[in-house]
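Only one structure is covered here, and it is reproduced in the block below.
The values are calculated or read from the model by the stated rules, or taken from the named source; none is laboratory data. What you see is a predicted model; the values in this text were computed from it and never measured. Here the Cβ is made from the backbone with ideal geometry for all residues, glycine too, and neighbour counts use every protein chain on show. The area values use the complete protein model at the heavy-atom level, side chains included, leaving out ligands, DNA and RNA. Shrake-Rupley method; radii C 1.70, N 1.55, O 1.52, S 1.80 Å.
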There are 4 protein chains.
Amino acid sequence: MNSIETNPLEGYTPGEIMIKFIKTLSLHLIHLAEKINLDEVMSFIKAILESENIFILGAGRSGFVARAFAMRLMHLGFNVYVVGETVTPRIRENDLLIAISGSGETTSVVDLGRKAKKKVNCKVAAITARKGSKLAKLADIKLIIKGKDKSSASRGEDKRIAPLGTLFEISSLVFLDGVVAELMKLKNLNEDDLRMRHSVLE
Amino acid sequence: MNSIETNPLEGYTPGEIMIKFIKTLSLHLIHLAEKINLDEVMSFIKAILESENIFILGAGRSGFVARAFAMRLMHLGFNVYVVGETVTPRIRENDLLIAISGSGETTSVVDLGRKAKKKVNCKVAAITARKGSKLAKLADIKLIIKGKDKSSASRGEDKRIAPLGTLFEISSLVFLDGVVAELMKLKNLNEDDLRMRHSVLE
Amino acid sequence: MNSIETNPLEGYTPGEIMIKFIKTLSLHLIHLAEKINLDEVMSFIKAILESENIFILGAGRSGFVARAFAMRLMHLGFNVYVVGETVTPRIRENDLLIAISGSGETTSVVDLGRKAKKKVNCKVAAITARKGSKLAKLADIKLIIKGKDKSSASRGEDKRIAPLGTLFEISSLVFLDGVVAELMKLKNLNEDDLRMRHSVLE
Amino acid sequence: MNSIETNPLEGYTPGEIMIKFIKTLSLHLIHLAEKINLDEVMSFIKAILESENIFILGAGRSGFVARAFAMRLMHLGFNVYVVGETVTPRIRENDLLIAISGSGETTSVVDLGRKAKKKVNCKVAAITARKGSKLAKLADIKLIIKGKDKSSASRGEDKRIAPLGTLFEISSLVFLDGVVAELMKLKNLNEDDLRMRHSVLE
């Protein structure tokens, strides 16, 4: 081709990018597991175990991660609510608010986190990629989960195979399902205990 | 141990189970990437590219995976709707219904999949762990994504660290984000193109 | 007019149709209030008061009516869940399922109502416009709320000013808010008691 | 009264409060219809007809009213999205944001309304009971729908039979369904046109 325009599909091999994405992500997760701050994790788990009610907050795809975690906390027997859903009651002082935002700057998440601190002064746990963000700053417990690698070499590639918050979103879902596994152990629950609470109306 | 009661926390090391979970999952994903049926994947991608509208369906945690994928399809510029959300219109013959269910037996998902085939005879793509399930059988395109390993050795452990559909749910999210990466390439879109469609009201 | 085409806006007076709609609806509601079957209503209220947990089910605009009622039941202090939302647990024998469908034939509502009867044999209350519908037939308690008038004279007009299920949807919301007022009296609660449970994170 | 405890059910007649509620509401609606500001209504309808996309925003029970209206706008053929749902794209300058809040002070609704004005300067329509509220002040179009009567005589009763925002919520739903009837006339659509877009997957 001697034209200025290039064909984006030149050299395209079906599935190649998908496979590269899955491998990149897997390595990211293993890297995450090796560098986990276990003190942070155990503070988070302690807050879940000691709170009367747990409220979960997130927007966009982080909101779906939030709800996937909330559903498992219900299966584990916790009193848990999703901010914005129908039956969610007033939050109170002895409750825990878990807020998820990759950037830590999502308007509604930051505003409602602030409102919770101001109105009832409950404990707030932030799950975010940025420890300097507004959300991290207002939180009592901070779980920092890295998304994209900031090194110049891999960053361009990350943007092409894992756009926007993809790495953070999947990593935080995986991380929170790891917390679920810890909670099963700590509460001595097995899969059947969870199944007993799983909705049949779906 | 000669006592009847055992202490479930005997020998408990904080974070150990979480780290084991993340590593098990990562290996599961790499294994998945190596065994992907690329013909199935490319049929699925082709159906997405050729359909007028795309409808996404799922219940429980698979429903959150469904919505996370739907949101990215919107970012990519597709006409996409989530079954059960407010602005979802009538599905038509040239549309694609993507239904996600690990067991492939979820009542509402199977019933609505069947209704779509019967009422408008649109194309149906099933994302499920079980190729013999009702959902897989009614679908035109089947993407089989393994969840738990069926080998006796690892199965007990899987249940303790990844209860219920956990492995399927995360794997299908990762797999679908891999499809997003393929679609970015095929439509020659970069991260900024996606950001341009990302909601600012959140 | 000597043209074949007619102007749909000929003789259009802004707001006239809206005002006619509001007056028609108001008369419909007064008519409904006069013909309410109080035995049915009291059976419904009794079931709410005596159940351990209450599950609410509805699709489309009836689903929004369902959720508006669920939210008030939460404000009143009941254990209430919306089928399909995140934290909704397994329904059990001593629970009540309230299903709303104007036609009484909505696939997912009928199927899940049947599944609840079959799996746990809980009490089912149907709120519908049609007492011969599948939903009404499977229910233990039937609240029949008329939508459109079936008389030939008014029916054409109803379709123009209150399309599809509009009359049923609004009437059932109003009716259920009437049930809320009865429950406040029966539980001796005032507005401040409800406000105490109202979410502040919105 | 010479007893310390009073029986809240003394003189209780089943259904009496429900019937009083329905009649009070019906009269409120007729009163509303008679005092409607038709200039405001027609500005609102004009904005709907002239916008490229329509975004709907509301929290709590006002959020369900918002979604019920959004669904009908979809049935009427408009490009409409609910803020916070999955497939909602970025709002743009030529779009309309319709925000519903009885008090006009709901944090997330006011904040996102402000953000929309600041980020893209789209048109904002406020549907609220209070014309001096933050939401009304930031809006280009204000539809004031009275909830509770402020007169001292009826107010105590209103609180007992129509707690919190009940009158506003039902009135705004009714009012917006009146707007739907006007739009059907203005776009020359009949019930069958709406049914053609109504979801079958429910």
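What number goes with the only condition from (1) in contact (Cβ under 8 Å) with a residue 60 or more places away in the chain; (2) open to solvent by 10 Å² or more (accessible area, probe 1.4 Å) that C:Asn121 does not pass?
It is condition (1) that C:Asn121 fails.
Which of the residues belonging to region C:183-196 are open to solvent by less than 20 Å² (accessible area, probe 1.4 Å) and in contact with a helix residue (DSSP H, G or I) (Cβ under 6 Å, 6 or more places away or on another chain)?
Within region C:183-196, C:Glu191, C:Leu194 meet the criteria.
Is it true that D:Glu52 is of a type in the set (Asp, Glu) and in contact with a strand residue (DSSP E or B) (Cβ under 7 Å, 6 or more places away or on another chain)?
When the stated conditions are applied, D:Glu52 does not pass them.
Does region A:138-158 contain any residue that is in a helix (DSSP H, G or I), crowded, with 23+ Cβ neighbours inside 10 Å, in contact (Cβ under 8 Å) with a residue 40 or more places away in the chain and not aliphatic (A, V, I, L, M)?
no
Exactly one condition in (1) open to solvent by 10 Å² or more (accessible area, probe 1.4 Å); (2) farther than 19 Å from C:Val80 by Cα; (3) assigned to a loop (DSSP other than H, G, I, E, B); (4) within 9 Å of chain D (Cβ to nearest Cβ) is not met by C:Ser199; state its number.
Single failed check for C:Ser199: (2).
Is there any pair linking a residue in region D:78-99 that is part of a strand (DSSP E or B) to one that is of a type in the set (Lys, Arg), with Cβ under 7 Å and at least six apart or on different chains, and which?
So the pair list comes out as D:Val82/D:Arg67; D:Leu96/D:Lys123.
Quickly run through region C:47-89 and pick out the residues that are charged (D, E, K, R), more than 15 Å from the chain's Cα centre (by Cα) and at the interface with another protein chain (Cβ under 7 Å from one of its Cβ atoms).
Within region C:47-89, C:Glu85 is the sole residue that qualifies.
Looking at (1) more than 7 Å from chain B (Cβ to nearest Cβ); (2) touching a Gly at 6+ places or on another chain (Cβ under 7 Å); (3) at pLDDT below 95, which is the one condition that is false for A:Leu167?
Of (1) more than 7 Å from chain B (Cβ to nearest Cβ); (2) touching a Gly at 6+ places or on another chain (Cβ under 7 Å); (3) at pLDDT below 95, only one is false for A:Leu167: (3).
Here is a list of conditions, (1) more than 10 Å from every other protein chain (Cβ to nearest Cβ); (2) open to solvent by less than 50 Å² (accessible area, probe 1.4 Å); (3) not in a loop (DSSP other than H, G, I, E, B), and C:Val180 meets all of them except one; can you say which number that is?
Only one criterion is unmet by C:Val180, namely (1).
When the residues of region D:10-26 are filtered to those that are at the interface with chain C (Cβ under 8 Å from one of its Cβ atoms) and part of a loop (DSSP other than H, G, I, E, B), which remaining residue is farthest from C:Val179 (Cα to Cα)?
The qualifying residue farthest from C:Val179 (Cα to Cα) is D:Tyr12.
Are any of the residues in region B:86-103 open to solvent by 30 Å² or more (accessible area, probe 1.4 Å) and under 26 Å from A:Asp177 (Cα atoms)?
Scanning region B:86-103 turns up at least one residue that is open to solvent by 30 Å² or more (accessible area, probe 1.4 Å) and under 26 Å from A:Asp177 (Cα atoms).
Can you say whether C:Gly104 is in contact with a helix residue (DSSP H, G or I) (Cβ under 7 Å, 6 or more places away or on another chain), modelled with pLDDT of 95 or more and within 14 Å of chain D (Cβ to nearest Cβ), as far as the supplied structure shows?
yes
In region C:107-129, which residues are in contact with a Ser or Thr (Cβ under 9 Å, 6 or more places away or on another chain) and facing chain A (nearest Cβ under 7 Å)?
Once the filter is applied, which keeps residues that are in contact with a Ser or Thr (Cβ under 9 Å, 6 or more places away or on another chain) and facing chain A (nearest Cβ under 7 Å), region C:107-129 yields C:Leu112, C:Lys115.
Applying the selection to region D:27-60, what residues are assigned to a helix (DSSP H, G or I) and open to solvent by less than 10 Å² (accessible area, probe 1.4 Å)?
If the condition is that a residue be assigned to a helix (DSSP H, G or I) and open to solvent by less than 10 Å² (accessible area, probe 1.4 Å), then D:Leu29, D:Ala33, D:Val41, D:Phe44, D:Ile45, D:Ala47, D:Ile48 are the ones that fit.
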